[in-house]
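**Q** Have a look at this one.
The values are calculated or read from the model by the stated rules, or taken from the named source; none is laboratory data. It should be emphasised that the depicted structure is a prediction, and the values quoted were computed from it without experimental measurement. Counting neighbours? That spans all protein chains shown, and the Cβs are built from the backbone with ideal geometry, glycine included.
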Amino acid sequence: MTRHQPDWRDFATIAALGFIWGSSFMAVELAIDGFGPLTVAAGRIVLGAVALILIARVAGQHMPKDRRVWLAAAGMGIMANALPFTLISFGQQNVTSAFAGIAMAVVPLLILPLAHILVPGERLNWLKALGVTAGFIGVVVLIGPGPGLVDAPILSMLACVAAACCYAVASIITRLSPPAPTLAFSAAGLAIASAVMIPITLAFEGLPTAWPMVASLGVLYLGLIPTGLATLLLVFVIQRAGPSFFTLVHYQVPVWAMALGIVILGEDVPGRFAIALVLILSGQLISRRGLVK
């Protein structure tokens with residue numbers, strides 16, 4: 001597909017992706033009320049894998065044959081799905097969905113120093129470094145100390161930040177991977193993540209003995225919408241408008257996560273969350289200017 005100047009369809013797709021990924025933290029909050037964190041993570045991964053494998057086959061994309069692609073898919077599946085999904089589910093047992101969503105906003109900033117070290121030609125300039133610094137300060141403000149720290153153990157907070165680090169590493173792995181069809185690559189990564197998560201979940205949490213409706217719908221939503229549908233939208237917008245335009249979604253996800261946490265879940269959001277969000281988004285804007293330069 002030939003790239004072009006973004007039009008209303010591309011902006012609508014970016015807006016939809018921002019809402020879908022922002023709402024995933026609300027869905028995790030609902031899911032962990034009925035299931036353990038490993039079960040929630042494994043459930044969304046398996047559902048996402050089934051959906052993407054079917055979608056890839058319909059699109060005429062077959063599973064990779066190159067061993068190097070499978071190795072990269074394994075790294076991506078573990079670092080973009082198995083580990084962060086588990087860490088987010090664990091963390092949201094004690095922190096709000098708003099906190100988890102804001103923590104994810106540092107992903108684009110974490111990618112910059114990793115790319116500086118691992119990706120040829122991706123060098124930090126002073127604007128990028130300034131953006132990363134602003135984002136780091138935002139994370140410090142987000143974690144505390146401040147209201148809510150006693151009720152939210154530091155390990156849960158750090159689990160959400162660690163999940164953001166996993167996503168950043170997964171992004172680098174994907175960029176360094178040999179060329180492969182996007183849907184097939186994503187499906188392969190989720191298939192490997194499923195193979196990793198299923199035995200671990202059965203060993204530590206076993207099969208659920210009850211299936212609460214709201215929690216089950218939360219897991220179903222996580223697997224089919226933020227994974228299956230969102231991947232289709234991601235491929236659509238990147239092919240049409242390019243990866244640089246796609247980065248606009250990172251500004252929306254934490255805003256939606258915080259808004260839905262307040263409006264739907266009735267979460268209490270301390271003032272420092274808003275300050276942290278402003279600092280992190282400012283860091284993204286500054287670093288984006290550095291990328292353009």
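**Q** Find all pairs meeting these conditions: Cβ atoms under 6 angstrom apart; at least six residues apart or on different chains; first residue within region 140-162 and modelled with pLDDT of 85 or more; second residue among the aromatic types (Phe, Trp, Tyr).
**A** Taking only residues 6 or more apart or on different chains, the pairs are Ala159/Phe90.
**Q** Filter region 251-293 down to the residues that are in a loop (DSSP other than H, G, I, E, B) and either in contact with a helix residue (DSSP H, G or I) (Cβ under 7 Å, 6 or more places away or on another chain) or surrounded by 16 or more Cβ atoms within 10 Å (Cβ to Cβ) (or both) and list them by number.
**A** Within region 251-293, Gln252, Ile264, Leu265, Glu267, Val269, Pro270, Lys293 meet the criteria.
Residue-by-condition table, conditions (1) more than 19 Å from Ala170 (Cα to Cα); (2) in contact with an Asp or Glu (Cβ under 8 Å, 6 or more places away or on another chain):
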site: Trp21; (1), (2): no, no
site: Met26; (1), (2): yes, no
site: Leu38; (1), (2): yes, yes
site: Ala41; (1), (2): no, no
site: Gly60; (1), (2): yes, no
site: Ala72; (1), (2): no, no
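**Q** Just for region 52-97: of the residues that are among the β-branched types (Val, Ile, Thr) and in contact with a Pro (Cβ under 9 Å, 6 or more places away or on another chain), which one is surrounded by the most Cβ atoms within 10 Å (Cβ to Cβ)?
**A** Ile88
**Q** For region 143-233, which fully contained helices (runs of 4 or more DSSP H) count at least 1 residues that are surrounded by fewer than 17 Cβ atoms within 10 Å (Cβ to Cβ) and aromatic (Phe, Trp, Tyr)?
**A** Ranges flagged: 182-204.
**Q** Name the pairs whose Cβ atoms lie under 7 Å apart, with the first residue in region 114-127 and over 19 Å from Cys165 (Cα atoms), the second surrounded by fewer than 15 Cβ atoms within 10 Å (Cβ to Cβ), and 6 or more positions between them or separate chains?
**A** Matching pairs, first to second residue: Asn125/Lys293; Leu127/Arg289; Leu127/Lys293.
**Q** Let me ask something else about it. For Pro108, only one of the following conditions fails: (1) at pLDDT below 90; (2) in contact with an Asp or Glu (Cβ under 7 Å, 6 or more places away or on another chain). What is its number?
**A** (2)
**Q** Can you tell me which of Ser97, Ser24 is of a type in the set (Gly, Ala, Ser) and closer than 22 Å to Leu183 by Cβ?
**A** Answer to the check: Ser24.
**Q** Tell me which of these Ala49 doesn't satisfy, since it passes every other one: (1) part of a helix (DSSP H, G or I); (2) surrounded by fewer than 22 Cβ atoms within 10 Å (Cβ to Cβ).
**A** (2)
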